[in-house]
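Below is one structure, written out as structure tokens; the observations come after it.
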Amino acid sequence: MSRLKARNTDALISAVADVLREEGIELLDSTAFLSPLLAREGVLTHRAPNEDERADLAFGYGMADAIAALDIGQTIAVKHKAVVAVEAMEGTDEVIARAGHLAGPGVRIVKVAKPGQDMRFDVPVIGLATIQAMRIAGASVLSVDAGRALVLDGEHVFASANDANIAIVGRVAGSYGR
């Protein structure tokens, strides 16, 4: 631990992985056996984002990727091309709640994987609690990185989103298109 240049989550987990590797234990990508749970590319719900939502997502991707690259958080909330809330240690559901409180209905949620995300640990995840937080906040759309975010209980997540008229999309990581 004294050799660590930083004491953030990635550095600590990587240090543990290095110690295990030195002992002959190699850690696998945590999604190796979970590929059916990874978000697919494209629109994942009945409703696709409308033009204003797509514009907010396009704006939000650059912001979310920058925040993730700085290892601050992986989720942001955007409304009218303005960042409303940024995730830090509190987690996705709390960011969504705060965004709804600050900006009211219509916030858009962007959840990304970090550049070079170590898929052995800390894989972005959404689930029913995420959709419930979005319902309460009045959030209208959620974007996650396709192939780099787990969707727990996907059938129920998408059904719940459809019931609430929430659009969910799987973005190809690194793309910003409208």
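The values are calculated or read from the model by the stated rules, or taken from the named source; none is laboratory data. Bear in mind that the values here come from a model prediction, so they are computed numbers and not experimental data. Here the Cβ positions follow ideal geometry from the backbone for every residue, glycine too, while neighbour counts run over all protein chains shown. These accessible areas exclude ligands, DNA and RNA; they are computed on the full protein's heavy atoms, side chains included. Shrake-Rupley method; radii C 1.70, N 1.55, O 1.52, S 1.80 Å.
Amide H contacts of LEU38: VAL151, each under 5 Å away and 5 or more positions distant or on a separate chain (H built 1.01 Å from N in the peptide plane; Pro and chain starts excluded).
Taking amide H as placed 1.01 Å from N in the peptide plane, VAL43 has its amide H under 5 Å from the amide H of GLY170, each at least 5 places away in sequence or on another chain.
The phi torsions of the range 141-149, fed into the Karplus equation with coefficients 6.51, -1.76 and 1.60 and a -60° offset, translate into couplings of 8, 10, 10, 10, 7, 4, x, 9, 9 Hz, rounded to whole numbers, with Gly and Pro shown as x. Computed over the range 77-178, the P(r) tail beyond 22 angstrom holds 25 percent of alpha carbon pairs.
When the Cα gyration tensor is reduced to axis lengths a ≥ b ≥ c, the ratio a/c is 1.5 or higher for the range 40-118, and with a/b not above b/c it is classed as oblate.
Close amide H contacts of VAL125 (hydrogens built in the peptide plane, cut-off under 5 Å, sequence separation of 5 or more or a different chain): LEU150. Helix 51-69 against the longest principal axis of the chain: what's the angle in degrees, Cα atoms only, rounded to the nearest 10? That works out to roughly 20 degrees.
Report the one residue of PHE59, LEU37, ALA85 whose Cα lies farthest in the direction of the positive end of the charge dipole of the range 30-178 (charges on C-beta: Lys and Arg +1, Asp and Glu -1; origin at the Cα centre). Of the listed residues, the answer is PHE59. For the chain, the longest principal axis of the C-alpha atoms and the axis of helix 92-103 are separated by about 40°.
Estimated at 0.36 nm per residue, the fully extended path between ASP29 and GLU51 surpasses their Cα-Cα distance by 4.3 nm.
Among the listed values (i) 15.8; (ii) 17.3; (iii) 16.6, the one computed from these coordinates for Kirkwood radius over Cα pairs in Å is (iii).
Counting charges near THR31 (Lys, Arg +1; Asp, Glu -1) among other residues having Cβ under 13 Å from its Cβ returns a value of -2.
Protection proxy ranking for 122-131, 85-94, using the average of other Cβ atoms within 10 Å per residue and placing the highest first: 122-131, 85-94. The angle separating the long axis of helix 9-22 from the principal Cα axis of greatest extent in the chain is about 40 degrees.
Could you tally the net charge around VAL151, taking each other residue with its Cβ under 12 Å from the Cβ of VAL151, Lys/Arg +1 and Asp/Glu -1? Neighbour charge sum, excluding VAL151 itself: 0. Positive contributions from Lys and Arg (+1) and negative ones from Asp and Glu (-1), summed over other residues with Cβ under 15 Å from the Cβ of ILE76, come out at -2. A 1.4 Å probe run over the chain, with the rest of the protein chains in place, finds 51 Å² accessible per residue.
With the highest mean first, a sort of the peptides 157-170, 134-147 on other beta-carbon atoms found within 10 angstrom per residue produces 134-147, 157-170. Summed over qualifying helices (DSSP H, 4 residues or more, each -39500 (n - 2.57)) and divided by its residue number, the chain shows a 222 nm mean residue ellipticity of -11500 deg cm²/dmol.
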